[in-house]
Amino acid sequence: MKRKIYDELLKWKEEQNGKTAALIDGARRVGKSFVAETFAKQEYQSYILIDFFSAPDEIKDLFQHYLDDLNTLFMYLEGYYNVKLVEHESLIIFDEVQMFPRARAAIKYLVADGRYHYLETGSLVSIKKNVKDILIPSEEKHLKMVPMDFEEFLWAMGNKVLMNLIRSSFEKKKPLGQAMHRKIMDYFRQYMIVGGMPQAVQEYVDTKDFEKVDSVKRNILELYRADMNKHATGMESKAEGIFDEIPSQLSKHEKKFKLASIEKTARMREYEDAFMWLQDAMIINMCVNSTQPNIGLKMNADRMTLKCYMADTGLLISHAFDENGLVSEEIYKKILFDKLDVNQGMIMENIVAQMLTATGRKLYFYSVYSKDKEERMEIDFLIAKSKITSRHNICPLEVKSGKKYSLSSINKFRRRYQENIDQTYVLHTGDLKEEDGIVYLPVYMTMCL
């Protein structure tokens, strides 16, 4: 499984040359350990992987007793793991470092020593429980790892050329043609169904069996649920309540998260920490309302009004259609052949949120409720131009899952904020076209924005 974060690790190694440790932070089962060990095998003469989930106390005790005697620390590590460390040519991996925060705190001294390179992997690394009583080292290069994006999925499926064609079409604003567009949409629907969790993708590559893939995804969902019960200290029921409610909220026409569906008297301030925990665990992608669609979307964010997406759309499908404990092959085929009558909008909007997050963007939308029909509007996503100018800095995005749709909100938005808008996009299931100042992009081109 080729992952783009590998190139980021190469860049870190070349530029930092041991001056910092790299920390790969990501959700459970997103592929952190696999990438770390593959990188170690291919880029270093030798490596030691310390898995703090299963490391014995005698290894953990080394970080308690020998940080002032690193010669002895390294001698014990070499002996226990039967690996010869080579100065400047060996990597030491702290896997699941959140399980033993003391090792993370030790990075400061290990990097200062300068003999070896260090790579940490972890999930839930930023929650209070896992940083309590330690000084977070400033010598860390933080790398976020998300589920596989569409290009990585294509690589896994053995296709190395389609993304170049997609990018070329986007840059030239020229349609691909129906035959090629249909081929790419076939791949894209498979990507929506399977998602980007490497274990699920590998199962699909090996078997092409949706029920086996669904079983893999369901195991991951159960793992997330267990993490909530174990690690979301003091807010376990709130985190699980939000998690269980996501499919229902996204299936509604207006997708803003309504806490009253969990508890009639619930207030956002009571649930804010649970939302943040789920986001820190990278189980969800939160999208907040920006009240002024202009420069500084973050400065105008209303964090009390939000939409909540699953970080992986494949997991969302398994989470949403689980009445019998397993999503049926029939449901998967309906999604694959674009025959799903309901919830198609939920799936499409979630995959766009996932793809925008994979490009490093924070998620913002625009929503105004008013008795005046002309004032009332909701725009699915707002993104800012990469180069800010005095005007025309914001791009509104509308996601359309069906073949027939209206553009009332986006047209009202264009009339009201024409001085702020750079380019207006509609993300749909058709080929690329441009009409009346709107660029209609195939949804798989989201990652090109």
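The values are calculated or read from the model by the stated rules, or taken from the named source; none is laboratory data. Worth saying up front: this structure is predicted, and the values here are computed from it rather than measured. All Cβ positions, glycine included, derive from the backbone under ideal geometry; neighbour counts span all protein chains shown.
Overview of values
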quantity	calculated
Pick from the stretch 271-323, criterion among the hydroxyl-bearing types (Ser, Thr, Tyr) and touching a Leu at 6+ places or on another chain (Cβ under 9 Å), ranking: modelled with the highest pLDDT	Tyr309
Asp206 being in the same structural domain as Leu336 (by TED's automatic domain parsing) and over 25 Å from Asn343 (Cα atoms)	yes
Meets criteria (in contact with a Lys or Arg (Cβ under 7 Å, 6 or more places away or on another chain), of a type in the set (D, E, K, R) and either buried (at least 20 other Cβ atoms within 10 Å of the Cβ) or modelled with pLDDT under 95 (or both)) for Glu87	no
Qualifying residue in the stretch 423-440 (condition: within 21 Å of the chain's Cα centre (by Cα) and on the phi > 0 side of the Ramachandran plot)	no
Lone unmet requirement of (1) farther than 15 Å from Lys217 by Cβ; (2) assigned to a loop (DSSP other than H, G, I, E, B) for Val327	(1)
Any hit, the stretch 266-277, residues being free of Cβ contacts under 8 Å to residues at least 12 places away in the same chain, out of contact with any strand residue (DSSP E or B) (no Cβ under 6 Å at 6 or more places or on another chain), surrounded by 16 or more Cβ atoms within 10 Å (Cβ to Cβ) and under 21 Å from Phe365 (Cα atoms)	yes
Conditions (1) assigned to a helix (DSSP H, G or I); (2) at pLDDT below 95; (3) surrounded by fewer than 20 Cβ atoms within 10 Å (Cβ to Cβ); number of the one not met by Asp186	(2)
Subset of the stretch 389-407 that is surrounded by 11 or more Cβ atoms within 10 Å (Cβ to Cβ) and farther than 14 Å from Tyr440 by Cβ - its residue that is nearest to the chain's Cα centre (by Cα)	Ile394
Residue match in the stretch 174-183 (condition: in a helix (DSSP H, G or I) and either surrounded by 16 or more Cβ atoms within 10 Å (Cβ to Cβ) or at pLDDT below 95 (or both))	yes
Subset of the stretch 216-231 (residues that are over 18 Å from Met310 (Cα atoms) and either in contact with a helix residue (DSSP H, G or I) (Cβ under 8 Å, 6 or more places away or on another chain) or modelled with pLDDT of 95 or more (or both))	Asn229, His231
Qualifying position, being without any contact (Cβ under 8 Å) to a residue 24 or more places away in the chain and hydrophobic (A, V, I, L, M, F, W, C), among Leu73, Leu67	Leu73
Residues that are among the β-branched types (Val, Ile, Thr) and either in a helix (DSSP H, G or I) or buried (at least 19 other Cβ atoms within 10 Å of the Cβ) (or both), drawn from the stretch 430-446	Val443, Thr446
Residue that is assigned by TED's automatic domain parsing to the domain that holds Pro396, within 30 Å of Arg391 (Cβ to Cβ) and under 19 Å from the mean Cα position of the chain (by Cα), where the choices are Asn285, Asn294	Asn285
Meets criteria (in a helix (DSSP H, G or I), assigned by TED's automatic domain parsing to the domain that holds Lys385, over 30 Å from Met377 (Cα atoms) and touching a strand residue (DSSP E or B) at 6+ places or on another chain (Cβ under 9 Å)) for Ile220	no
Phe337 at pLDDT 85 or above and surrounded by fewer than 13 Cβ atoms within 10 Å (Cβ to Cβ)	yes
Count - residues of the stretch 110-139 that are surrounded by fewer than 21 Cβ atoms within 10 Å (Cβ to Cβ), of a type outside the set (A, V, I, L, M, F, W, C) and at pLDDT 95 or above	3
Filter result (in contact (Cβ under 8 Å) with a residue 40 or more places away in the chain, assigned to a loop (DSSP other than H, G, I, E, B) and of a type in the set (A, V, I, L, M, F, W, C)) within the stretch 284-320	Ile295, Leu297, Ala311
